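The values are calculated or read from the model by the stated rules, or taken from the named source; none is laboratory data. No experiment lies behind these values; they were computed from the predicted model shown. Note that we place each Cβ from the backbone using ideal geometry, even for glycine, and neighbour counts take in every protein chain shown. When the accessible area is computed, the model is the full protein with side chains, heavy atoms only, and any ligands, DNA or RNA have been set aside. Shrake-Rupley method; radii C 1.70, N 1.55, O 1.52, S 1.80 Å.
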Amino acid sequence: MRVLAVCLLAFAMLAAGAGAGAAPAPARGGTLIIAEGSDATTLDGHRYTDSPTAERMEHICETLFWLSPEGRVEPRLATAFTFSPDGRRLTIRLRPNVRFHDGTPFNAQAAKWNLDRVLDPATRASFRSLIDRVTQVVALDANTLVLLTNAPFAPLVLNLTHGGVCMQSPTAIERLGPDEYARNPVGTGPYRFREWVRGDRITVTRFEEYWGEKGHFDAIQWRVIPDDGARVAAVESGAVHIAKRVPPRDVERLRANRALRVEVQTSLRTIFIGFNVTRPPFNNRRVRQALNYAINKEAIVRAILGGTARVSDAPIAPGVAGYAKIMTYEYNVERARQLLAEAGYPNGFRATLHHPVARYIRDAEIAAAVQGLLRRVGVEVELVPMDIGSLVAFTNKPQAEATHQMYMLGWGTVTGDADYGLYNLFHSSQWPPAGFNRGFYRNPQVDALLDRGRTTLDQAERNRIYREAMEIIMEDAPWIFLHSESQVTAYRAEVQNVYMHPAERLVAMQGFFRR
Amino acid sequence: MWRYIVKRLLLTIPVLFGVAFVVFVMVRIVPGDPAQIMAGQQATRELVEGIRRDLGLDRPLLVQFADFLTGLLRGDLGRSVRSRAPVTEELAHRIPNTLRLAAAGMLVATTVGVTAGVISAVRPYSLVDAVVMVVALAGLSMPIYWSGLMLILVFAVWLNWLPAVGSDSLAHLVLPATALGFSSAAIIARMTRSAMLEVLRSDYIRTARAKGLAERVVVNRHALRNALIPVITVVGLQTGTLLSGAVLTESVFAWSGIGRLMVDATLNRDYPVVQGAVLLVALSFVLVNLVVDLLYALVDPRIRYE
């Protein structure tokens, strides 16, 4: 077999941490306490969907590859990979001498067992779609795994960085059964699961036989503190070391506190207002563009989000492989009025906007701002607030039954690949209820480009393909492109080397307390 | 007396049945699909439908309700859609927390409320009375998410005397119990004051005073005991509120109890957990009411139950 691309991966990450030389030497010991608004949902790594769970699981269970905060694919339980010349065979070398927390050896058999489990529809794996193009998984020898696909599938390696296809102990799952296992996870990570007091806390302790650099904390504990104010007070009083999702209004005040460090990390989550483009008035591109011009995105970010967000200049956020800066509809009321007049709505119109409450950062306030701004161009918007569960169900109806006109939602491109961020949202095969293209956008050119992006292995070529697709999408304006969220996190000053990943997870694996 | 208790307990069965039915229907009327929420916002249709089948949500509603009832008779409330843990287990490890918080809150409420009410009533329209009643009004008007945060700010962040959040020790109980008990204390104080004022004007109090009894004895033994009936009613009602309405307190103080479980379960459309929790709260309401009725007889020997 002639190998097209041999991608031996750098091992630099093991020694690196963050900016090696200058950082103080890691001290061992202590329990890191992290406060978060919500609890984990399930501790079965193949069945969760939310980032709070992803964060806890990442310290317990590892993936074959790891997506660095800079967006690079780095080795983890795999050490190298090669694609066959036809791009349909992915060979992965696995790290030898790795054991799960329960002593079960991690090898090609275990890896195959895990991928087969995700692929088995009966498992109901949440992220099966990440690898569902894999037709067969073969354990070639103890440390070599082969994944076969019918056609080249470019995002495959990036998709394997996702926690939803992490490696869990086959022995534990078979012994406990899926329901019991979901409360007692066993992985290969630097921390092992200790307890889950539901609604209150999850504790993990250092795994002394970890294959890589061992954890420095004796334990890490996640505490659930749903109230924003109480969570912030907890980190101020020192009851916890880290408070996640700090409200933008508290940033300035906390920055003045020398016992704390406040960090703002951009995320891969974009917030948008979608249009149902199959019904008037939003079947008219001019109307959609007009509404984009009518929204002062900078003002929303500045006034409502305290500057802790980034105005979108593409449908996906920077940090996603395939991202390119395309354009931003500048705030221009005159242009908006003119476009509305050209579209036959010189006096505007009425429409409804369904938006979530308390799902995204200050979502209801943003919806209210949009309502106010659209009124200036004659568009009267009725706001319909919903909890996210209801909203997702409401916008998930087939086109013929759908009654939504405008809807605010967000999308986290958690795999860090443009395919995940664009295909699901803009490809016409993804109309509800099959997928997430909830505005029923369809453009044959975009469809063709997104299909090509999936099967092209050369990243430079993919970048060109996605840029072209995004240019068309921005021009078609099936959304009001708002912003990508930032995660604001407050740390006690003694916490070192713990950081927020753009995929909205706190990484504390190599963290420690400064003495 | 025993016959009365048994009769009352038997009466709870139709009440609980009614509650079960109403909750069962209500959680399903609200838009939102547990399978979709569980599968995540970004899930495929196959996955959502697979989960719906696993959960039995694709079956006719009547079949689901019959299933729920037969489970209920066996003491099985089903499994949480989300955590896959039995609902009874989910409830069991939160009940002690909620009971602890409600009991401590009640202690604060009755101690502060009755004392303040008596003090006010003994010196009506005095400065003390005015101050107590203004404080009571403030207590009643302050939302817990605000007063709770203020307590955290002062006693945890500024003074560092007490832990801000959590439910580990007795010290953790002080702030949430105060926040929770304070608004109930206000109601109890106002009720105690008006009941006491009425009693203090009655003939037998004049007689007691005429006998030359010490004022302390008159107030505590003769007046307060007779003023207690309406106070007990209010305390009973407040106990129900404390058990179920501790939602805000539990959220502010990160207290893992039934209230928060209910909110989370509702947002996630975790039907079995919502049903179980509401049934539990309904049961506790019924039981608290029974206890209140029995207390009447204890306080006022003229009341007898047959």
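Observations, loosely collected:
- Note on chain B: GNM, Cα springs under 10 Å; of B:88, B:207, B:192, the largest mean-square fluctuation is that of B:207.
- For chain A, the longest principal axis of the C-alpha atoms and the axis of helix A:108-119 are separated by about 30°.
- Directionally averaged shadow of the range B:245-288, computed from the convex hull of its alpha-carbon atoms, nm²: 3.0
- The range B:56-62 - phi-based ³J(HN,Hα) in whole Hz, Karplus 6.51/-1.76/1.60, Gly and Pro as x: x, 7, 8, 7, x, 4, 5
- For the range A:49-63, 3J(HN,Hα) per residue [Karplus equation, 6.51 cos²θ - 1.76 cosθ + 1.60, θ = phi - 60°, Hz, x = Gly/Pro]: 10, 9, 6, x, 5, 3, 5, 5, 5, 5, 7, 9, 10, 10, 9
- Projected area, mean over directions - the range B:26-101, Cα convex hull, nm²: 6.5
- Checking every one of the trypsin sites (Lys or Arg not before Pro) in the range B:202-279 against DSSP loop status and a limit of 14 other Cβ atoms within 10 Å picks out B:211.
- Convex hull volume of the Cα atoms of the range A:169-275, normalised per residue: 201 Å³.
- Solvent-accessible heavy-atom area per residue, rounded to whole Å², over the range B:243-305 at 1.4 Å: 36
- Relative to the longest principal axis of the Cα atoms of chain A, helix A:333-342 runs at roughly 70 degrees.
- Using the alpha-carbon positions of the protein assembly as shown, Rg (one decimal) and Dmax (whole number) come out as 30.2, 113 Å.
- Within the range A:418-439: backbone nitrogen closer than 20 Å to the residue A:400 label point (7 Å, Cα to C-beta): A:428-439
- The range A:344-396: translational diffusion in µm²/s, Stokes-Einstein, Kirkwood Rh over Cα pairs, 37 °C, 0.692 mPa s: 278
- Of the residues making up the range A:160-198, those losing 50 Å² or more of accessible area when the isolated chain is joined by the remaining protein chains, with a 1.4 Å probe, are A:179, A:183, A:198.
- Whole-number Å³ per residue for the convex hull built on Cα positions in the range B:163-215: 102
- Shape parameters for chain B, alpha-carbon atoms, Rg then Dmax in Å: 23.6, 85
- With bins 5 Å wide beginning at 0, the percent of Cα pairs of the range A:337-481 falling in each bin runs 2, 9, 15, 18, 18, 16, 12, 6, 2, 0.
- Computed log₁₀ I(q)/I(0) - Debye formula, equal Cα scatterers, no solvent, the range B:111-156, q 0.20 Å⁻¹: -0.71
- Measuring heavy-atom accessible area with a 1.4 angstrom probe and counting protein chains only, the residues of the range A:30-46 that give up at least 50 Å² relative to the chain alone are A:41.
- Label zone at residue A:514 (point 7 Å along Cα-to-Cβ), backbone N below 15 Å, the range A:224-266: A:257-263
- Inter-probe distance in nm under a simple model that places probes 7 Å from Cα toward Cβ, at residue A:365 and residue A:88: 5.4
- Solvent-accessible area, 1.4 Å probe, carbon plus sulfur percent, for chain A: 50
- Centroid-to-centroid, using Cα positions, the range A:58-92 and the range A:308-355 are 37 Å apart.
- Whether the range A:290-404 is rounded, prolate or oblate, judged on the alpha carbon gyration tensor where a/c under 1.5 counts as rounded: rounded
- Between 0 and 90°, nearest 10: helix A:444-455 axis offset from chain A longest Cα axis: 10
- Orientation-averaged projected area, Cα convex hull of the range A:454-515 (nm²): 7.2
- Whether the range A:49-140 is rounded, prolate or oblate, judged on the alpha carbon gyration tensor where a/c under 1.5 counts as rounded: rounded
- In the range A:228-291, trypsin sites (Lys or Arg not before Pro) in a DSSP loop with at most 14 other beta-carbon atoms within 10 Å: A:258
- Global geometry of the range A:285-333, whether rounded, prolate or oblate, following the gyration tensor of its Cα atoms and the 1.5 cut on a/c: oblate
- Shielded residues, the range B:240-259 - accessible-area loss of 10 Å² or more between chain alone and all protein chains, probe 1.4 Å: B:251, B:252, B:254, B:256
- Compactness check for the range B:130-245: Cα Rg over 2.2 N^0.38 Å is 1.37.
- Fraction of accessible area attributable to carbon and sulfur, chain B (%, probe 1.4 Å): 69
- Surface accessible to a 1.4 Å probe, residue B:146 within the full protein complex, Å²: 120
- For residue B:45 and residue A:116, the FRET efficiency from 1/(1 + (r/R0)^6), where r spans their Cβ atoms and R0 equals 25 Å, is about 0.65.
- Protein accessible surface hidden between B and A, which excludes ligands and nucleic acids, total in Å², probe 1.4 Å: 3500
- The Cα trace of the range A:76-208 gives Rg and Dmax of 15.5, 51 Å, the first to one decimal, the second as a whole number.
- Solvent-accessible area per residue, Å², over chain A with all protein chains present [probe radius 1.4 Å]: 36
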